[in-house]
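*Asks:* A single structure is presented below for examination.
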Amino acid sequence: MGGSAFGELLRDCRLSAGWTQDELADRSGVSSHSISVLEAGRRQPRLSSVSRLAEALALDPRRREQLLAAARTVPAPPRPAVAPATARPRPGAPCQLPYDTRLFTGRARELDQLLALARSAPAGSASGMVVISAIDGMGGVGKSALAIRAGHRARGQFPDGQLFVDLHGHTAGISPVMPADALDWLLRSLGVPPQQIPEDLSTRSALYRERLADTRTLIVLDNAANSAQVRPLLPGTPGCLVLITSRKRLTGLDDAHSLAVDVLPEADAVALLHEGAGPGRIPAGHPATAELVRLCGHLPLAIRIAAARLRHHRGLNPADLVDRLRDEHQRLAHLADEDRSLTAVFATSFTSLAPDEQDLLRLLGRFPGYDVDTCAVAALAGIDHRVAERLLESLLHHNLLLQRTPGRYLFHDLVGLYARSKAEEETGETDPDAPLRRLAGYYQDTAARANAHLARRTRPGRRPEPAAPAALPVLTDRTKALAWMRSEHRNLLALLGHPALAPLPSFTVSISADLAAFLLLEGHWGQAVALHRSAVAVATAAGDRRGEADALCDLGRARHATGDYRAAAELYEEALAIHQKLGDGHGEANDLHELGRIRLLTGEIQEAAWLHERAVAAFRALGDRLGEARALCDLGRARHSSGDSPAAVEMTLRVLALYRTMGDRRGEAAALHDLAYVLDDMGDRDGAGDFYQEALSIYEDLNSVQGVANTLRGLGRVRHAVGDHRAAAELHQRSLDTCRKAGSRHGEADSLLGLGRARDALGDSADAVGLYRQALALYQEIGSRVGETDALLALGALTERTADPRSALLLHQQALALAHDTHSPLNEARALEGTARCALALGDSAAALAGLEDALALYCRLGSPAAEDTAARLSALRPAPAPATGDRPPQWSTSAPTRPAP
């Protein structure tokens, strides 16, 4: 016997008694809706309910047993994994979904998730519970539109009706709907007469669950205020789907599927703008379109308002609207129309906050930076960091803050504008600048602690040890310090320009010093130049001579990084004069070292060595082992450039041991790189390659942009030397891309030169010439005479083979003059070889012979492996002994032997 047989038997019993379904309901305590469902055969009867019905009907024992037996044989309704795509709606079933807007755009992923839940609703969740989806997102993001679109798409799967109720959780001028009132509406919608709706909330909720039991009904609870408001409105048994929208994350609904709705991606935002503005209103590809949707924050409501303005005001073009929205003070005012307003949307979210949450939102509106963490907010608000975390999480759950990175909070652009307007209305403190001063103190302390792990120079006595705020981030090692700087450096730079901190020059000077190492390390050289220039001006105006000198040195290092060597040298000299006058030994040693580095790059090798020797002695006298290691490393470079490569190797090995003893991995990588460079020049390609690989591994671990680029070039030179020119070209191209992205002009020039050599070796002479000329122009622009010499030598060698030897001779002669002026014997020898080859091609054998002899003498003095090749060329060029009578006359060889593999 099936469910329909039981239903027919129950109906016969009821009709025999002469009762309606409502009358049987009154007498049995089983709802009329349940009786209707049972008689229709759509529900498996519960034996307890059947007993109550039999008792109310006063059935005789035979008839009672017959009814119970029919109930026991009713099979359980199947729970298909996928409900039919469509089903015939029950006659009289409610259909309350609002209209589905034509402007719905995108959201394919979110819609698919909701429709998948709709298909699973008849079977319930994995644990057999009712299927619920809680959709959250900021005001105006399109939660209701998504729920309504999903409801219309899934209507056919819910033949017992689609209920909709606006709970007015965030509606201007309307209080949130009480659960009892919402239940009254829902029960009436389900056909319960008003007089049968109980007064008590729990009884009302029980009746609602009973009416929905074993039905397939869709319930959309829109604009919920919180979990407590919707909990009494949830069905109790599977079969139904509940879609809830709320600006707040409803974390109290443990069984709900959470769906967070974000702003639209750009393509969907642009599509919505075009659709809302109307056909042909905005020309395809209009240049103002992207900026317009960006100024609307990619927020659907803002875009729809902007589109409506364009649709109804034909004289307003997109560029005009963009101009109006660029004004941050008026942007929200422009994003309003007849009955929609972004300000009103955000105001309803604001008024739903607790007073301490409102106060924090106002304070965050004054924050001049980007995203923040709990410690910074605690300092800003002057509260315990645990309290700050609780308030931030609450604002996050209200979707008034975003969290793109764990532990960091930020505003959506438009919510940020609203928060700033609230901050202007109400400061919350008698001294409006006190929060920013607290924040500045926190950042000053924490930046100093982070810089202690990153700085490559010692500056004792720069300022007294700061008093630590109540909450500081954990910065116990270099990795944590670097991560903190990467998260916060934009905030530090933004805070520096705030008018409230103008009376605090020490803050600017201190932050400038503590950001210097990080900005250089990360390649933010343009930012570093602007920051240190500002610090110099502030320190000078405040009479802070030490701060002025330190900022001058930092500015010099930034100029050095960008390739402006002349300016860097002048800045170092200014800093050196001040530090010497102040008797600041550490400052003086740092300046001597940095100035020596510049002199080496500009080819003044003897002066560079002298400056580095003074710096080594000064650091050693101060007991500064890090400073000593750095200066000694650069002294080794000077020794190599002057031709004493064995001394350079010995010094660099000492430096490497020092860095390893100190556990300084960045220093270790630099020493490995320098050692590889010298060994490469000495012909030890295997040793050079091994050391370059070690250095590259460390630089990659440290995320050092400049270190990685330099080491890639070194590896490129090694691959070129062993004949693997394609690999060399790839390595130099990677280095070039990195340097251009970072703004390293010297690195860019070196990479262009290396790439040109690889292209030349691969037979692409035209490309090589262009690369050499680009490198030469850059070297000349930044004042790198050593680099200029290298570029001239490479260009001269290529010109020998592809053009007039006279033009090549001029290039080699220019390189020779530069090498002589910069005291670079290795390049001098190379230039002499080049002039000798050109002289031979022009028929001047005597000049060629003299040039090769001079080059060989230099190579032998330097211990260069190039001496072997030069000696072979010289031997081939010298005339043979006078022949015997009848022998052939002497012949001159113009071909150079192939250099043996190292």
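The values are calculated or read from the model by the stated rules, or taken from the named source; none is laboratory data. The structure displayed is predicted, hence computed values, not measured ones. Cβ: placed from backbone, ideal geometry, glycine included. Neighbour counts: every protein chain shown.
*Asks:* Which of the following residues is in a loop (DSSP other than H, G, I, E, B) and touching a residue at least 24 places away in the same chain (Cβ under 8 Å): H746, H823? Write out each step before concluding.
*Replies:* Values: H746 fails: in a loop (DSSP other than H, G, I, E, B).
Step by step, each of H746, H823 is checked, and only H823 is in a loop (DSSP other than H, G, I, E, B) and touching a residue at least 24 places away in the same chain (Cβ under 8 Å).
*Asks:* How do the pairs read when you match residues in the range 697-724 that are at positive phi with residues anywhere that are of a type in the set (A, V, I, L, M), using Cβ under 9 Å and keeping only pairs 6 or more apart or on different chains?
*Replies:* The qualifying pairs are N703/L482; N703/L521; G723/A761; G723/A901.
*Asks:* Name the helices (runs of 4 or more DSSP H) wholly within the range 283-327 that hold at least 3 residues that are more than 27 Å from the chain's Cα centre (by Cα) and closer than 15 Å to L272 by Cβ?
*Replies:* Values: elements: 289-295, 300-312, 318-325.
Qualifying helices (runs of 4 or more DSSP H): 300-312.
Every residue, every condition in (1) under 19 Å from D514 (Cβ atoms); (2) modelled with pLDDT of 95 or more, yes or no:
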| site | (1), (2) |
| --- | --- |
| C553 | yes, yes |
| G563 | no, no |
| R566 | no, no |
| Y572 | no, yes |
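*Asks:* Tally up the residues in the range 176-207 that are assigned to a helix (DSSP H, G or I) and under 18 Å from G92 (Cβ atoms), please.
*Replies:* Residues of the range 176-207 assigned to a helix (DSSP H, G or I): 179-189, 194-196, 201-207.
Next cut, under 18 Å from G92 (Cβ atoms) only: 185-189, 194, 196.
Residues flagged as assigned to a helix (DSSP H, G or I) and under 18 Å from G92 (Cβ atoms) within the range 176-207 amount to 7.
*Asks:* Related question: Quick check: is even one residue across the range 247-265 in the same structural domain as F164 (by TED's automatic domain parsing) and without any contact (Cβ under 8 Å) to a residue 24 or more places away in the chain?
*Replies:* yes
*Asks:* Kindly indicate the residue of the range 768-812 that is farther than 25 Å from A567 by Cα and of a type in the set (D, E) and also surrounded by the most Cβ atoms within 10 Å (Cβ to Cβ) among those meeting that condition.
*Replies:* Selected residue: E800.
*Asks:* Another question about this same structure. When you scan the range 155-163, do you find a residue that is buried (at least 22 other Cβ atoms within 10 Å of the Cβ), of a type in the set (D, E) and closer than 21 Å to S34 by Cβ, even just one?
*Replies:* Taking every residue of the range 155-163 in turn, at least one turns out to be buried (at least 22 other Cβ atoms within 10 Å of the Cβ), of a type in the set (D, E) and closer than 21 Å to S34 by Cβ.
*Asks:* Hey, does the range 542-552 have a residue that's aliphatic (A, V, I, L, M), touching a helix residue (DSSP H, G or I) at 6+ places or on another chain (Cβ under 8 Å), farther than 30 Å from W484 by Cα and in a helix (DSSP H, G or I)?
*Replies:* First pass over the range 542-552, keeping only residues aliphatic (A, V, I, L, M): 542, 549, 551-552.
Subsequent filtering for residues that are touching a helix residue (DSSP H, G or I) at 6+ places or on another chain (Cβ under 8 Å) retains 542, 549, 551-552.
Restricting the remaining residues to those that are farther than 30 Å from W484 by Cα gives none.
So far as the range 542-552 goes, no, none of its residues is aliphatic (A, V, I, L, M), touching a helix residue (DSSP H, G or I) at 6+ places or on another chain (Cβ under 8 Å), farther than 30 Å from W484 by Cα and in a helix (DSSP H, G or I).
*Asks:* Restricting attention to the range 228-262, which residues are within 18 Å of A108 (Cβ to Cβ) and surrounded by 24 or more Cβ atoms within 10 Å (Cβ to Cβ)? It would help to see each step written out before you state the result.
*Replies:* Going through the range 228-262, the residues within 18 Å of A108 (Cβ to Cβ) turn out to be 243, 257, 259-262.
The answer is L243, and nothing else.
*Asks:* Another question, then. Inside the range 165-182, can you point out the residues that are out of contact with any Ser or Thr (no Cβ under 6 Å at 6 or more places or on another chain) and either surrounded by fewer than 22 Cβ atoms within 10 Å (Cβ to Cβ) or at pLDDT below 90 (or both)?
*Replies:* V165, D166, H168, T171, G173, I174, S175, P176, M178, P179, A180, D181
*Asks:* Oh, and also: Against the definition (modelled with pLDDT of 90 or more and among the aliphatic types (A, V, I, L, M)), how does L115 come out, yes or no? Give the derivation first.
*Replies:* Working: modelled with pLDDT of 90 or more: yes; among the aliphatic types (A, V, I, L, M): yes.
For L115, the condition - modelled with pLDDT of 90 or more and among the aliphatic types (A, V, I, L, M) - is met.
*Asks:* Hey, could you check the range 483-504 for residues that are in contact (Cβ under 8 Å) with a residue 24 or more places away in the chain and farther than 16 Å from Q527 by Cβ and say which is surrounded by the most Cβ atoms within 10 Å (Cβ to Cβ)? It would help to see each step written out before you state the result.
*Replies:* First pass over the range 483-504, keeping only residues in contact (Cβ under 8 Å) with a residue 24 or more places away in the chain: 484-498, 500-501, 504.
Checking which are farther than 16 Å from Q527 by Cβ leaves us with 484, 498, 500-501, 504.
Details: W484: 21, H498: 18, A500: 17, L501: 19, L504: 19.
Only one residue fits best here, namely W484.
*Asks:* As an exercise: evaluate G252 against (1) assigned to a strand (DSSP E or B); (2) under 33 Å from the mean Cα position of the chain (by Cα) and give the number of the one condition it does not meet.
*Replies:* For G252, the exception is condition (1).
*Asks:* Something else about it: Restricting the search to the range 788-843, which residues are within 21 Å of L856 (Cα to Cα) and among the polar types (S, T, N, Q)?
*Replies:* Those that are within 21 Å of L856 (Cα to Cα) and among the polar types (S, T, N, Q): T789, Q813, Q814, T822, S824, N827, T835.
*Asks:* May I pose another question? Given the conditions (1) among the small types (G, A, S); (2) touching a helix residue (DSSP H, G or I) at 6+ places or on another chain (Cβ under 6 Å); (3) assigned to a loop (DSSP other than H, G, I, E, B), and given that S807 satisfies all but one, which numbered condition is not satisfied?
*Replies:* Of the numbered conditions (1) among the small types (G, A, S); (2) touching a helix residue (DSSP H, G or I) at 6+ places or on another chain (Cβ under 6 Å); (3) assigned to a loop (DSSP other than H, G, I, E, B), the odd one out for S807 is (3).
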